[in-house]
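Right, one structure below, let's go through it.
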Amino acid sequence: MLIFLDIETTGLEEEAKIVSLALIALEDGSCYANYHLVNEGEKIPAKASSIHHGTNEMIRGKPKLKESETYKFLQAQNLPTTTLIAHNIKFDLKMLLACGFEFCGEIIDTLRVTKHLIPECENFSLQFLRYELKLYRDEEREALACSMESEIRSHNALSDALVDKLLYNYLLEIASKDEMCELSFKKVLMQKFNFGKYEGRYIEEISICDRGYLEWMLMNILDLDEDLRYSINYYLEENL
C-alpha cells in the first residue's frame with residue numbers, strides 16, 4: 001500500500017501539536033482518502049492560521065488525534081509492506097512520533113527526491129512545484145478518482161496530500177519507487193541558495209568570496225536544512 005500523508009500543526013516548535021491529518025491510500029487500483037481536524041489541547045496561533053487557514057473555532061470540539069478515523073486507519077496500516085510518502089517527511093514523522101506513532105514501513109521523501117532528480121528547480125516547496133511542474137492540470141481528475149469533494153486549497157492537509165501524489169507520479173517517470181526510497185536517505189549536494197542575501201548564487205562561489213558568512217550560518221542557524229548544511233560543509237572543505 002502507498003499512503004500519501006500530510007499534517008498541519010500549531011507551529012514548527014518542538015512543543016507544537018498536530019491540528020489536522022490527511023492521507024490518500026492506494027492499493028490494488030483502489031483509492032481511499034480521509035482527513036480530520038483534531039484537537040490536542042493547544043491553541044492555534046495566528047501565524048500558523050495564516051499559513052494553513054485552520055482556526056481555533058474549527059478545532060473546537062474535535063477529537064484528539066488518536067481518536068480520529070484518519071489516525072486509526074494509519075495505525076492499522078503501519079506495516080512493513082506499507083510505503084509512506086510525504087514532502088519533507090522527517091517533519092511529519094517527528095510530529096507523529098511525539099504522539100506515540102512510530103512507522104515501521106518504507107518511506108519516500110518527495111522533497112529530497114525532487115532535489116536529487118530535478119536539481120535545476122529554483123525552489124522545492126510543494127506549492128512551487130505544483131505550478132513549476134504544472135501538477136495542477138491533473139488535480140481535478142485525481143480528486144475525482146479519490147472521491148475528494150472539497151476544493152483544492154494550498155496548505156490544506158488533504159489538498160497537499162493530493163499534490164504530493166501528483167508529484168510522486170511525476171517523479172515516477174524519472175525513477176522507480178525503489179530508487180526513490182533510496183534517494184530519500186541520500187543527502188543532496190545543493191548548488192545554489194534559495195533564500196537569504198545570496199539567493200540564486202552558487203554555494204561554491206560564496207565559499208570562496210564570503211567564507212565567513214557560510215561558517216556563521218553553520219554555527220548560528222540551528223534548524224538549517226540538512227542538505228544545505230551538508231552542501232556548505234562540502235564546498236568549504238573543497239575550497240580550503
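Highest average first, the peptides 16-24, 230-238 ordered by how many other beta carbon atoms sit within 10 Å of their residues are 16-24, 230-238.
In nm, what is the difference between 0.36 nm times the number of residues separating Leu222 and Glu182 and their Cα-Cα distance? Mind dumping the intermediate values first?
Numbers: separation 40, 0.36 × 40 = 14.40 nm, distance 2.63 nm.
Length gained between Leu222 and Glu182: 11.8 nm.
For Phe193, the residues whose amide H sits under 5 Å from its own are Gly200, Arg201, Ile203, ignoring neighbours fewer than 5 places away on the same chain, with H placed 1.01 Å from N. Relative to the current alpha-carbon distance between Asn169 and Gln191, full extension at 0.36 nm per residue lengthens the span by 5.4 nm.
Can you list the aspartates and glutamates whose alpha carbon is less than 13 Å from that of Lys134, not counting same-chain residues fewer than 8 positions off? Once the sequence-local aspartates and glutamates are set aside, what remains near Lys134 is Asp164. Note on Leu135: accessible area approximately 10 square angstrom, rounded to 10, probe 1.4 Å, nucleic acids and ligands left out.
All other residues with a Cβ under 10 Å from the Cβ of Leu236 taken together, and with Lys, Arg as +1 and Asp, Glu as -1, what is their net charge?
-3
Taking the Cβ of Asp109 as the centre, find all other residues whose Cβ is under 12 Å away and add up their charges (Lys, Arg: +1; Asp, Glu: -1). Numbers along the way, then the final one.
Values: positive: Lys90, Arg112, Lys115, Lys186, Lys187; negative: Asp92, Glu106, Asp164, Glu182, Glu226, Asp227.
Net charge in that neighbourhood comes out at -1.
Compared with the direct C-alpha span, the chain from Met1 to Glu57 gains 16.7 nm at full extension, assuming 0.36 nm per residue. Helix content alone sets the calculated 222 nm mean residue ellipticity of the chain: runs of n ≥ 4 DSSP H residues at -39500 (n - 2.57) each, divided across all residues, give -12000 deg cm²/dmol.
Ranked by the mean number of other Cβ atoms within 10 Å per residue, highest first, peptides 206-219, 180-193 order as 180-193, 206-219.
Nonpolar atom fraction for the stretch 89-201, defined as the carbon and sulfur part of the 1.4 Å probe accessible area, stands at 48 percent. Placing a label point 7 Å from the Cα of Lys72 along the Cα-to-Cβ direction, the residues of the stretch 99-140 with a backbone N closer than 19 Å are 100-102. May I ask which of Lys64/Lys94; Lys66/Lys115; Lys17/Lys186; Lys64/Lys186; Lys17/Lys72 have a Cα-Cα span longer than 25 Å here? Too far apart for the 25 Å limit: Lys66/Lys115; Lys17/Lys186; Lys64/Lys186.
What a 1.4 Å probe finds exposed on the stretch 1-84 is 52% carbon and sulfur by accessible area, rounded to a whole percent. On a 0 to 90° scale, report how tilted helix 226-238 is relative to the longest principal axis of the chain, with both axes built from alpha carbons and the result rounded to the nearest 10. That helix lies at roughly 10 degrees to the long axis. For every other residue with a beta carbon closer than 14 angstrom to the beta carbon of Leu222, add +1 if it is Lys or Arg and -1 if Asp or Glu, then tell me the sum. Once all neighbours under 14 Å are counted, the net charge is -4. Rolling a 1.4 Å probe across the protein heavy atoms gives the chain an accessible surface of 53 Å² per residue. When +1 charges are put on Lys and Arg Cβ atoms and -1 charges on Asp and Glu Cβ atoms, the dipole computed for the stretch 14-91 relative to its Cα centre reaches about 220 debye.
The values are calculated or read from the model by the stated rules, or taken from the named source; none is laboratory data. The structure presented is a predicted model; accordingly, all values stated were derived computationally and were not measured. Positions of Cβ are backbone-derived with ideal geometry, glycine not excepted, and every protein chain shown enters the neighbour counts. Surface areas here come from the heavy atoms of the whole protein model, side chains and all, with no ligands, DNA or RNA. Shrake-Rupley method; radii C 1.70, N 1.55, O 1.52, S 1.80 Å.
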